């Protein structure tokens with residue numbers, strides 16, 4: 001049986017980050033997720049539901065859900 005090296009996520013990411021196009025997309029997605037987590041954390045800190053926040057912002061609960069998932 002051949003002794004194959006097991007690749008970890010970190011080793012694969014390090015390799016993929018050498019590709020500038022991949023790196024740009026990865027960083028963009030990372031920033032979107034960081035922002036999404038901040039929005040959700042602040043909303044929870046204020047004890048607001050997604051629906052309550054949506055009403056304050058003049059939008060829908062679904063829009064808040066998309067924001068908090070990073071899919072905007």
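The values are calculated or read from the model by the stated rules, or taken from the named source; none is laboratory data. Everything numeric in this text was worked out from a predicted model, so none of it was measured. Cβ coordinates were reconstructed from backbone atoms using ideal geometry, including for glycine residues, and neighbour counts include every protein chain displayed.
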Could you tell me whether segment 25-48 includes any residue that is more than 25 Å from residue 67 (Cβ to Cβ), at pLDDT 95 or above and more than 19 Å from the chain's Cα centre (by Cα)?
-> no
Qualifying residue in segment 21-36 (condition: outside any helix (DSSP H, G or I), at negative phi, in contact with a helix residue (DSSP H, G or I) (Cβ under 9 Å, 6 or more places away or on another chain) and surrounded by 12 or more Cβ atoms within 10 Å (Cβ to Cβ)) = no
Enumeration of residues in segment 38-56 that are in a helix (DSSP H, G or I) and without any contact (Cβ under 8 Å) to a residue 24 or more places away in the chain | 38, 41, 42, 44, 45, 50, 51, 52, 53, 54, 55, 56
Scanning segment 44-64 for residues that are in contact with a helix residue (DSSP H, G or I) (Cβ under 6 Å, 6 or more places away or on another chain) and closer than 25 Å to residue 30 by Cα gives 50, 53, 54, 60, 61, 64
Quick one: residue 12 ticks every box in (1) in a helix (DSSP H, G or I); (2) loosely packed, with under 10 Cβ neighbours inside 10 Å bar one, so which box is it?
-> (2)
